[in-house]
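Let me begin by presenting the structure, written as structure tokens, before commenting on it.
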Amino acid sequence: MDFDRPLISELPTLTFPVLVHVGAMDKSQKRGWSLEGDGLSVSDVPRAWVRIAKLGGLPWWRLMKEDNLLLDAHALHDSQREEIVRWGLAQGFVRREACWRVSSYGELGDEIWTFASEAEAREEAFDGDEIVPGERTVATDDFPDRAGRANPEQVLVAIWAEQYDELDEVWWADDLEPGELSAPRGVLFLSRLDRWSISAIEV
């Protein structure tokens with residue numbers, strides 16, 4: 001199946017004067033799984049991520065690049081997201097499987113969880129939660145990002161975006177709520193790392 005990639009001008013992008021990575025620069029020391037996958041995790045609010053991910057005592061690194069360009073993942077249109085999943089399916093990186101969705105509606109916002117079976121969904125649901133059958137995207141053995149297999153639909157965006165030489169990374173503008181384990185974050189493609197100026201930060 002052939003796919004026509006959107007022009008870079010058709011994608012939502014943004015730029016940052018400075019980004020920060022907290023932790024080792026050695027990929028081999030990355031945790032077994034990651035929200036962002038195999039790339040270098042960065043943020044513009046590093047103190048929030050030190051609190052969320054318990055990164056106290058690890059080194060800080062300043063990353064700068066003139067005219068850097070980041071894909072704004074949250075600003076993608078639904079049709080663009082669907083196209084990325086179709087691309088992943090065609091590549092054999094992901095597959096679709098039946099699941100059960102639990103939707104919870106509360107004062108702090110709506111949340112959705114997915115489970116492999118109805119029994120598991122009902123066991124985990126609270127009174128008042130909605131339980132419905134659905135589909136979810138899961139990684140295959142050919143998923144190219146070992147650290148992102150637990151979060152395939154999100155990390156697939158980064159795998160797809162790396163096809164664009166103009167893009168340096170992907171950004172997720174999550175709400176800044178460290179108490180809710182949420183803060184803005186991005187992933188810098190390792191293939192672009194030599195384009196950035198990197199220096200240690202004393203903290």
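If only residues of the range 156-184 that are of a type outside the set (A, V, I, L, M, F, W, C) and surrounded by 22 or more Cβ atoms within 10 Å (Cβ to Cβ) are counted, the one that is farthest from Leu35 (Cα to Cα) is Asp168. Quick check on the range 63-72. Is at least one of its residues acidic (Asp, Glu) and either farther than 28 Å from Glu169 by Cβ or buried (at least 17 other Cβ atoms within 10 Å of the Cβ) (or both)? Within the range 63-72, none of the residues are acidic (Asp, Glu) and either farther than 28 Å from Glu169 by Cβ or buried (at least 17 other Cβ atoms within 10 Å of the Cβ) (or both). Looking at this structure, is Asp78 loosely packed, with under 13 Cβ neighbours inside 10 Å and farther than 30 Å from Ser199 by Cβ? It is true that Asp78 is loosely packed, with under 13 Cβ neighbours inside 10 Å and farther than 30 Å from Ser199 by Cβ.
Kindly indicate which of Arg149, Arg195 is out of contact with any strand residue (DSSP E or B) (no Cβ under 7 Å at 6 or more places or on another chain) and of a type in the set (D, E, K, R). Within the list Arg149, Arg195, the selection yields Arg195. Of the residues that make up the range 117-134, is at least one part of a strand (DSSP E or B) and either under 25 Å from Asp44 (Cβ atoms) or acidic (Asp, Glu) (or both)? Yes.
Mind checking which residues of the range 36-68 are of a type outside the set (Val, Ile, Thr), at negative phi and under 16 Å from the mean Cα position of the chain (by Cα)? If the condition is that a residue be of a type outside the set (Val, Ile, Thr), at negative phi and under 16 Å from the mean Cα position of the chain (by Cα), then Glu36, Asp38, Gly39, Leu40, Ser41, Ser43, Asp44, Trp49, Ala53 are the ones that fit. Of all the residues that make up the range 1-28, how many are more than 19 Å from Asp194 (Cβ to Cβ) and at pLDDT below 90? Of the residues in that region, 7 qualify.
Selection of the range 82-113 for residues being of a type outside the set (A, V, I, L, M, F, W, C) and in contact with a helix residue (DSSP H, G or I) (Cβ under 8 Å, 6 or more places away or on another chain) yields Gly88, Arg95, Arg96, Arg101.
Against the test of being farther than 27 Å from Val42 by Cβ and in a strand (DSSP E or B), the options Ser104, Ser79 yield a single qualifying residue, Ser104.
The values are calculated or read from the model by the stated rules, or taken from the named source; none is laboratory data. Every value quoted in this text rests on a predicted model; they were computed, and no experiment measured them. Don't worry about glycine lacking a Cβ; one is built from the backbone with ideal geometry, like all the others, and counts go over all protein chains shown.
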